[in-house]
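**Q** This is the structure I have questions about; it appears just below.
The values are calculated or read from the model by the stated rules, or taken from the named source; none is laboratory data. Keep in mind it's a predicted model, so treat the numbers as computed, not measured. Please note: Cβ atoms are built from the backbone with ideal geometry, for glycine as well, and neighbour counts cover all protein chains shown. Note: areas computed on protein heavy atoms with side chains; ligands, DNA, RNA excluded. Shrake-Rupley method; radii C 1.70, N 1.55, O 1.52, S 1.80 Å.
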Amino acid sequence: MPDSYYPEIRRLDLFASMEDARFRELMRGSYVQNFPPRIELITEGDPSDFMHIVLEGSVELFSSWNGRETSMATLTPVATFILAATIRDAPYLMSARTLDKCRVALVPSQDVRAVFDQDGEFARAIVAELALCYRSVVKNAKDLKLRTSLERLANYLLRQRARAGSDRFELPIEKRRLASRLGMTPENLSRAFKGLRPYGVRVDGNRIELSDPADLAGFAKPNPLIDDPLS
């Protein structure tokens, strides 16, 4: 991997505190590759040969079973996947594909495990990352099990508003992928958007306007134990 990528990767919490020598040792066997859109990077059930780092573009994590498919997450720079499989030397539980042109760093899983045993700061950072991922899974399960489809969509829109810092923003993913993420069919998502009109939700393609965020929040009842990604 060219040294020019090191500072960007170093900024990740996962690598920020590890020893410089160990970081260079980890990067020595790594490489960066460009991928066009719609390329499957990993397939669930395959051995976890690499930990991946998204440097440019966006990557969708998804899963399939019995002819059905669901979107699990969308990753943007700079983000890693799938760390748990790498550490456990276990098969991937999800597949991943590029949504647009991507640049991805591939770090051999065996090197990650070797440095994990040697660098205490790196090991602690991995534990923290895995804990964050676990809590994210629990929050997602609570969102799906405790909320109606309208409540899930309302809270999703409020989270996107907070990220955008504006009452007007664009959905970061296609509506059919959003429907899958929220546990709906595309038809149910369309009905849910219509159901939120009385709360000031206006939709024009992928453009969203929230004319009365306070009213929408009153309906959605956001909860930091579900909606705060950092809690």
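**Q** Would you mind finding the one in Val78, Val112 that is at pLDDT 95 or above and closer than 23 Å to Arg28 by Cβ? Reasoning before the result, please.
**A** Values: Val78 fails: at pLDDT 95 or above.
Of Val78, Val112, the one residue that is at pLDDT 95 or above and closer than 23 Å to Arg28 by Cβ is Val112.
**Q** Looking at this structure, is Met1 surrounded by 12 or more Cβ atoms within 10 Å (Cβ to Cβ), more than 30 Å from Pro186 (Cα to Cα) and touching a residue at least 12 places away in the same chain (Cβ under 8 Å)? Walk me through it before giving the result.
**A** Details: surrounded by 12 or more Cβ atoms within 10 Å (Cβ to Cβ): yes; more than 30 Å from Pro186 (Cα to Cα): yes; touching a residue at least 12 places away in the same chain (Cβ under 8 Å): yes.
The answer is yes for Met1.
**Q** Still on this structure, please answer the following. Within segment 38-57, which residues are surrounded by fewer than 13 Cβ atoms within 10 Å (Cβ to Cβ) and closer than 22 Å to Arg113 by Cα? Lay out the reasoning, then the answer.
**A** Kept after step one, since they are surrounded by fewer than 13 Cβ atoms within 10 Å (Cβ to Cβ), are these residues of segment 38-57: 38, 40, 45-47.
Across segment 38-57, the qualifying residues are Gly45, Asp46, Pro47.
**Q** Quickly run through segment 39-63 and pick out the residues that are farther than 17 Å from Ala79 by Cβ and within 17 Å of the chain's Cα centre (by Cα).
**A** Within segment 39-63, Glu40, Thr43, Glu44, Ser63 meet the criteria.
**Q** So the check is Cβ under 9 Å with 6+ separation or different chains; which pairs have a first residue in segment 136-160 that's under 26 Å from Ile82 (Cβ atoms) and a second one that's among the aromatic types (Phe, Trp, Tyr)?
**A** Going by the 9 Å Cβ cut-off, the qualifying pairs are Asp143/Tyr156; Gln160/Phe169.
**Q** Out of segment 82-92, which residues are under 23 Å from Leu144 (Cα atoms) and not in a loop (DSSP other than H, G, I, E, B)?
**A** The answer is Ala84, and nothing else.
**Q** Contact list please: Cβ distance under 8 Å, first residue in segment 35-63 and not assigned by TED's automatic domain parsing to the domain that holds Arg10, second residue open to solvent by less than 60 Å² (accessible area, probe 1.4 Å), pairs at least six apart or on different chains.
**A** none
**Q** Can you find, within segment 93-114, the residue that is least open to solvent (accessible area, probe 1.4 Å) among those that are among the aliphatic types (A, V, I, L, M) and not in a strand (DSSP E or B)? Please lay out each step first, then the result.
**A** First pass over segment 93-114, keeping only residues among the aliphatic types (A, V, I, L, M): 93-94, 96, 99, 104-107, 112, 114.
Keeping just the survivors that are not in a strand (DSSP E or B) gives 93-94, 99, 112, 114.
Numbers: Leu93: 143, Met94: 43, Leu99: 42, Val112: 0, Ala114: 41 Å².
Step by step, filter segment 93-114, then rank; the result is Val112.
**Q** Another question, if that's okay. Which of the residues spanning segment 1-13 are among the aliphatic types (A, V, I, L, M) and either assigned to a helix (DSSP H, G or I) or touching a Cys at 6+ places or on another chain (Cβ under 6 Å) (or both)?
**A** Selection gives Ile9 alone.
**Q** Just need a number here: residues in segment 90-143 that are farther than 25 Å from Pro229 by Cα and of a type in the set (Ser, Thr, Tyr).
**A** 1
**Q** I'd like the residue in segment 152-169 that is over 19 Å from Ser71 (Cα atoms) and charged (D, E, K, R) and, out of all such residues, is modelled with the lowest pLDDT.
**A** Arg163
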